[in-house]
1. Could you check segment 220-242 and list, in sequence order, the residues that are buried (at least 19 other Cβ atoms within 10 Å of the Cβ) and touching a Lys or Arg at 6+ places or on another chain (Cβ under 9 Å)?
2. Restricting segment 205-219 to residues that are out of contact with any Ser or Thr (no Cβ under 8 Å at 6 or more places or on another chain) and among the hydroxyl-bearing types (Ser, Thr, Tyr), which is surrounded by the most Cβ atoms within 10 Å (Cβ to Cβ)?
3. In segment 267-302, what residues are in contact with a Ser or Thr (Cβ under 7 Å, 6 or more places away or on another chain), assigned to a helix (DSSP H, G or I) and acidic (Asp, Glu)?
4. Give me the residue from segment 187-232 that is in a loop (DSSP other than H, G, I, E, B) and hydrophobic (A, V, I, L, M, F, W, C) and, out of that set, nearest to ALA168 (Cα to Cα).
5. Is it fair to say VAL30 is at pLDDT below 95, over 26 Å from LEU182 (Cα atoms) and either in a loop (DSSP other than H, G, I, E, B) or not small (Gly, Ala, Ser) (or both)?
6. For PRO300, all conditions in the list (1) surrounded by fewer than 20 Cβ atoms within 10 Å (Cβ to Cβ); (2) farther than 16 Å from VAL181 by Cα hold save one; what is the number of the exception?
7. What is the residue count in segment 93-121 for residues that are under 17 Å from SER183 (Cβ atoms) and either without any contact (Cβ under 8 Å) to a residue 40 or more places away in the chain or in a helix (DSSP H, G or I) (or both)?
8. Can you say whether GLY190 is touching a residue at least 60 places away in the same chain (Cβ under 8 Å) and on the phi > 0 side of the Ramachandran plot, as far as the supplied structure shows?
Amino acid sequence: MELKLFSILSLLPALATAKPSVGCGKAAKVITQSTPSTTPLTISSGGRNREYFANLPADYNNSVPHRLILTLHALGGNAGQVIAGQGGYLPFYGLPSAISNSTTYKTDIPTIYIAPNGISNGWANTNNSDVNFIRSLIDTVQSDLCIDTSLVFSTGFSFGAAMSYMLACNLGPEYLRAVAVLSGNPQISGTCPALNAASEGVAFYIQHGTNDQVLPVSGGREMRDRFLKVNGCDVAGTTVAPDPAVGSGAKHTKTDYKGCVKPVTWVAFDGPHTPTPKDPGESETFSPRETWDFFGQFGPLE
């Protein structure tokens with residue numbers, strides 16, 4: 001049964017029909033292949049110029065709808081570090097390699113990465129300024145490039161995770177299919193508005209270290225619980241993997257909640273505040289793989 005289900009899921013991108021953005025079939029005017037991913041671009045939002053970077057496939061085709069992934073930096077970091085894989089980050093949180101190497105979800109859908117810069121190297125989101133910026137940024141990208149509007153995702157670490165959470169709360173399924181929140185907090189980028197129906201939720205992946213001394217795991221659990229409720233998950237009917245105890249040296253645990261209108265996954269690890277946690281004895285982080293295993297389950301919506 002699992003084998004059959006996997007086979008069906010792996011074919012979803014090929015069987016479904018993309019929702020092409022208005023930029024499909026048009027020559028890009030702002031974001032072009034000739035623009036290096038290290039060259040900042042700007043849009044006006046809230047009376048100031050906001051900066052972002054774009055990474056397009058070398059063979060970008062304006063007639064093919066692309067997946068769009070936003071990658072948000074942490075406090076004190078910047079988009080340049082996310083692009084280059086510096087300052088503790090893997091390039092674009094390791095997703096390009098995870099997608100290429102995945103044996104769970106192979107995909108023919110090309111991906112465009114956008115790395116925006118926060119104000120003063122953070123995402124305080126004062127008066128929802130950062131939410132409005134990201135909303136305008138998504139609109140700009142979809143107008144200029146060929147994007148599958150049903151395959152827009154956001155991920156980030158720490159402050160970038162908190163901001164991805166706020167995007168899930170404020171932009172919802174009109175703009176986002178799913179988010180991946182890596183060691184975030186529910187308060188530092190503003191307050192999530194009341195979400196009362198599953199129609200207002202997005203698919204939600206969240207991971208957190210049980211020994212996080214910067215943003216304690218309690219904040220991660222609070223964000224998880226918010227979307228378990230919004231997405232109508234059957235918590236009682238789910239076999240929940242216990243979080244690893246601090247200092248236990250145990251491998252990370254993962255719980256895919258049952259009965260959710262939109263999926264919710266919780267990953268906990270015995271470790272500190274880091275975007276690249278590793279299981280004992282492993283040389284590589286599990287974070288990109290788990291993030292892609294979550295994002296990769298989604299094909300185009302008809």
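The values are calculated or read from the model by the stated rules, or taken from the named source; none is laboratory data. On a predicted model such as this, the values are computed, not experimentally measured, just so you know. Heads up, the Cβs are rebuilt from the backbone with ideal geometry, glycines too, and the neighbour counts pull from every protein chain shown.
1. PHE227, VAL230, ASN231, CYS233
2. Among them, the one singled out is THR210.
3. Within segment 267-302, ASP293 is the sole residue that qualifies.
4. Restricting to residues being in a loop (DSSP other than H, G, I, E, B) and hydrophobic (A, V, I, L, M, F, W, C), the top hit is VAL202.
5. In short, yes.
6. Of everything listed in (1) surrounded by fewer than 20 Cβ atoms within 10 Å (Cβ to Cβ); (2) farther than 16 Å from VAL181 by Cα, PRO300 misses just condition (1).
7. Residues flagged as under 17 Å from SER183 (Cβ atoms) and either without any contact (Cβ under 8 Å) to a residue 40 or more places away in the chain or in a helix (DSSP H, G or I) (or both) within segment 93-121 amount to 3.
8. Yes: the conditions hold for GLY190.
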